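Please treat every number below as a calculation from the coordinates, not as lab data. All values reported here derive from a predicted model rather than from experimental measurement. Please note: Cβ atoms are built from the backbone with ideal geometry, for glycine as well, and neighbour counts cover all protein chains shown.
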Amino acid sequence: MFARLAREFGDPTVWFKSIEPDAQRYYLANFGMAAEFAFPAAGKEEDYVASMHKWPPTSGADAVAYRSDVAAWAGTTERWSCWGERESSLCVLRISGPDRLRKELVLLPDDYVPLVSLKGALRDIASKEIAVADFEWFAQQMQRSYAVRA
C-alpha cells in the first residue's frame, strides 16, 4: 500500500518511525540507532521487510515489526501519511489527493479490506462493535482528536 501511495504522489522515499516504543528514547538508547527508516519508494519489498523484521540485528525480539506498538509512515511529498496502533488494531490513513484512491486502496489485497472514512467507521462499525457506554467515550475522543461526528 505504501509503495502504491508513493507512486501515486511521486514520492521518492517512504519514511517510517516507531512512536511506541519511542524511536529515540528506546531504540537509540538501547541499540545505538533510532527506529526511523527511509525506504526508496521504488525499492524491493524484501528490503522493507528485512528492515522491519530484522532490525535491530542484535535483538530479533525488538524488531519494529514485532515490538512497535504505535508506528507512523509518510511520503516525502507530505500528501499522505499513516499512523497505526497495534493494541486497538486501528490504522489511520490521511490522503490529500484524488477521491478515487480512497475507493481503490485496500489494506490486504487477499482479504479485500476496504478503507472507510473515520465518520463512516464511527457510524457503521464502531457503534455496532463497542458497548454503548464505551462507544460514547470512544466517539468523544475521536471527535475531539479528528473533528468528526458519528
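Work out how much length Val49 to Gln24 would gain on full extension: take 0.36 nm times their residue separation and subtract the Cα-Cα distance, in nm to one decimal.
6.9 nm
Can you sort Glu36, Glu45 from fewest to most other Cβ atoms within 10 Å of each residue's own Cβ?
Working: Glu36 15, Glu45 9.
Listing Glu36, Glu45 from fewest to most nearby Cβ atoms yields Glu45, Glu36.
Once the Cβ-Cβ distance between Asp69 and Arg94 is put in as r, and R0 is 22 Å, what FRET efficiency do you end up with, to the nearest 0.05?
Working: r = 20 Å, r/R0 = 0.91.
Efficiency, from the Cβ-Cβ distance: 0.65.
So what's the Cα pair-distance distribution over the stretch 2-107, bin width 5 Å, in %?
Whole-percent P(r) values from 0 Å outward: 2, 13, 21, 23, 20, 13, 5, 2, 0.
Order these by the 10 Å Cβ neighbour count, fewest first: Tyr26, Tyr66. If you can, show how the numbers build up before the last one.
On the way: Tyr26 17, Tyr66 11.
Ranked by crowding around the Cβ, least crowded first: Tyr66, Tyr26.
Residue separation times 0.36 nm, minus the C-alpha to C-alpha distance between Thr58 and Met1: what's the value? Working shown, then result.
On the way: separation 57, 0.36 × 57 = 20.52 nm, distance 2.89 nm.
Computed gain between Thr58 and Met1 is 17.6 nm.
Would you please give the FRET efficiency between Trp137 and Glu78, computed as 1/(1 + (r/R0)^6) with r the Cβ-Cβ distance and R0 = 30 Å, to the nearest 0.05? Numbers along the way, then the final one.
Numbers: r = 32 Å, r/R0 = 1.06.
Computed FRET efficiency for Trp137 and Glu78 comes out at 0.40.
Treat every Asp and Glu Cβ in the stretch 2-107 as -1 and every Lys and Arg Cβ as +1, leave all other atoms uncharged, and give the resulting dipole magnitude about the Cα centre to the nearest 20 debye.
Numbers: 13 positive and 15 negative charges, 49 e Å.
About 240 debye.
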